[in-house]
Amino acid sequence: MKTETVAAIYDRRRRSQTAATDRAVRFLRAGEIVALPTETVYGLAADVLNPVAVAKIFEAKERPTFDPLIVHLPDRDWLERIAKIDNQSRKVIEKLIAQFWPGPLTLVLDRQSIVPEIVTAGLDTVAVRISEHPIFAEIVREFGSPLAAPSANRFGRVSPTTAQHVLDELSGRIPLIVDAGPTRHGIESTIIAPRGGKIDILRRGPITAEQLSVFGKIDIVTSRENISAPGQLPSHYAPKTPVQLVNDAQSFSPKPNQRCALLAWNAVKNGRRFIAIRRLSERGDLCEAAANLFRFLRELDVLDVDLIVAERAPDQGLGAAINDRLERASGRDD
Ligand code: TXA
Ligand code: MG
């Protein structure tokens, strides 16, 4: 794939950047991923409501595991279509939003069910923000629906603050980079979880603890910063049902009276051994498999079976991330 860079110098008189916006929106509507400037760092954006498009983000970033993504809203009206706000926290949340949005503050809130599991890595919470970058804001508004966008770097590298950094990281893996010059803040947004009158800071960023302390009691939960592998974060969805990882379910036989469900990679033969079966991708497509992974795990988890048997995916590309998640689910790693 050839990566094209399109310059977007915001025209204050015309107050729009039509050419770059049109191209970006066209790719996003087609289920593609595009790199976009925000006020913090460049992000790699995809349609939140299209799980296969979201899977392409993980593929391009070569994330060896799945980490929940930030959802960027077109406007405030989208907030409660994506997240639930409990009455206890509503007052504080509304004040924070009035003060800091649009801007580099991300809120972790309960998720609404329209948010695909791959976006939140299976969690019940979702991270949301509204970017104040004029180009990003124009693109997400024109697109008319939220965009998932992590930093546009490959796994384990620093976040990109110029279009050239993005090109260095992702050339040949994404169709389009919108170049609007260096980003203003150069570090990622502050992430908080408001709980009642308390505010947990999950990641420090441009909005400081001092600024936030006006709105509630601050608790800095930075231990996650010391964890190098994101998959080790405690905030990862874990099925309640035991999971057993196998290379091929053909050679698996349940114990007497054991009720088993199957999360399959391979075509299933002799499926009667299982109460329920979900095949990650009929076409053997890793992107589609990644997009289905957390949803299927949840669907099998609520069946109240004794065991979920999960087949390993091929250990390349997104397959490694799928297997990593399955290994954690099987308890080998957590
Ligand atoms: O400034 C930013 O926030 C940039 C721009 C592009 O918006 N984005 C960004 O995304 O830094 P990313 O994916 O590189 O970092 C997002 C962080 C991850 O560490 C992830 O674990 C955390 O947000 N996160 C996302 N959803 C979460 C959730 N539901 N609960 C806890 N942490 C969450
Ligand atoms: Mg990042």
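Please treat every number below as a calculation from the coordinates, not as lab data. Quick caveat: nothing in here was measured; it's all calculated off a predicted structure. All Cβ positions, even for glycine, are placed from backbone atoms using ideal geometry, and neighbour counts span all protein chains on display.
Here is how the numbers come out for the structure above:
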| read-out | value |
| --- | --- |
| DSSP bridge orientation in segment 1-152 - percent antiparallel, rounded to nearest 5 | 85 percent |
| Footprinting exposure proxy for Arg195, Arg81 (fewest neighbouring C-beta atoms within 10 Å first) | Arg81, Arg195 |
| Most mobile listed residue (Leu280, Leu69, Leu307) in the chain, GNM with C-alpha springs under 10 Å | Leu307 |
| The chain, relative contact order in percent, only Cα pairs under 8 angstrom and at least six apart counted | 22 percent |
| Max mean-square fluctuation residue, GNM over the chain, Cα-Cα springs under 10 Å, options Arg278, Arg204, Arg90 | Arg90 |
| Förster-model FRET efficiency, 35 Å R0, Lys2 and Val268, C-beta, rounded to 0.05 | 0.35 |
| Relative contact order %, segment 231-334, counting alpha carbon pairs below 8 Å whose residues are six or more apart | 38 percent |
| Relative contact order of segment 60-142, pairs being alpha-carbon contacts under 8 Å that are 6 or more residues apart, as % | 44 percent |
| Asp110 paired with Gln250, simple spin-label distance in nm, labels 7 Å along Cα-to-beta-carbon | 4.6 nm |
| Volume per residue that the Cα convex hull of segment 17-145 spans, once the total is divided by residue count, Å³ | 98 Å³ |
| Residues whose placed amide H lies under 5 Å from that of Leu176, excluding near-sequence neighbours | Glu4, Ala35 |
| Extension reserve of the Arg312-Lys91 stretch, reckoned as 0.36 nm per residue once the Cα distance is removed | 75.0 nm |
| Cβ-defined net charge surrounding Pro206, 10 Å radius [Lys, Arg +1; Asp, Glu -1] | 0 |
| Most mobile of Val71, Val34, Val246 in a GNM of the chain (Cα contacts under 10 Å) | Val246 |
| Neighbour cut-off at most 13 other Cβ (10 Å), DSSP loop, GluC sites (Glu not before Pro), segment 246-300 | Glu282 |
| Cα-based equivalent ellipsoid of the chain: semi-axis lengths in Å, sorted from largest, via gyration tensor | 36, 24, 17 |
| Residue-averaged [θ]222 nm for the chain, counting only DSSP H segments that reach four residues, each worth -39500 (n - 2.57) | -8500 deg cm²/dmol |
| Set of aspartates and glutamates with alpha-carbon distance to Lys84 below 17 Å, sequence-local pairs under 8 removed | Asp75, Glu94, Asp110, Glu117, Asp124 |
| Charge context of Lys84, other residues only, Cβ under 13 angstrom, K/R +1, D/E -1 | -1 |
| Built amide H within the under 5 Å cut-off of Gln112, gap 5+ | Ala83, Lys84 |
| Local electrostatic count, Ile97, Cβ distance below 13 Å [Lys/Arg +1, Asp/Glu -1] | 0 |
| R0 of 56 Å, Cβ-Cβ distance Arg157-Ala276: FRET efficiency to nearest 0.05 | 0.90 |
| DSSP beta bridges in the chain [antiparallel fraction, %, rounded to 5] | 40 percent |
| Cβ-based exposure ranking for Ser89, Ser213, in which fewest neighbours within 10 Å come first | Ser213, Ser89 |
